[in-house]
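What follows is a short report on a single structure.
Derivation of every value follows stated rules applied to the coordinates shown; laboratory data play no part. Please read all numbers here as calculations on a predicted model, not as lab measurements. Cβ: placed from backbone, ideal geometry, glycine included. Neighbour counts: every protein chain shown.
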Amino acid sequence: MIYNREKARLPSTLSVEAFADRIREMNTLDIPKEERIRAFSAHLHRVMADHLTDRQTATELYAAYLARKQAE
């Protein structure tokens, strides 16, 4: 099966360079080592949701993240 990633991509205003800058903003020194993966996941979802052009999709993305977080 062939999967077209470009067709499945969500419209966003985030460039690769801006994405890298936003990810680098995260300070992991204050986060306990066992919580870093969860904190990075939360930061990643916030960055993605902040830059989606469709606000409904952004809300759904972040709500899905929160639901998954509560299920853990």
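Do we find that ALA58 is of a type outside the set (Val, Ile, Thr) and in contact with a strand residue (DSSP E or B) (Cβ under 6 Å, 6 or more places away or on another chain) in this structure? Spelling it out, ALA58 is indeed of a type outside the set (Val, Ile, Thr) and in contact with a strand residue (DSSP E or B) (Cβ under 6 Å, 6 or more places away or on another chain).
Scanning the range 29-53 for residues that are of a type outside the set (A, V, I, L, M) and either farther than 15 Å from ALA67 by Cα or touching a Gly at 6+ places or on another chain (Cβ under 9 Å) (or both) returns ASP30, PRO32, LYS33, GLU34, GLU35, ARG36, PHE40, HIS43, ASP50, HIS51, THR53. List the number of the failed condition for THR28; all other conditions in (1) in a helix (DSSP H, G or I); (2) surrounded by 11 or more Cβ atoms within 10 Å (Cβ to Cβ) hold. The failed condition is (1).
Checked against (1) assigned to a loop (DSSP other than H, G, I, E, B); (2) free of Cβ contacts under 8 Å to residues at least 40 places away in the same chain, ALA49 passes all but a single condition, namely (1).
Please go through the range 1-18 and give me each residue that is touching a strand residue (DSSP E or B) at 6+ places or on another chain (Cβ under 9 Å) and surrounded by 10 or more Cβ atoms within 10 Å (Cβ to Cβ), ordered by number. Selection gives LEU10, SER12, LEU14.
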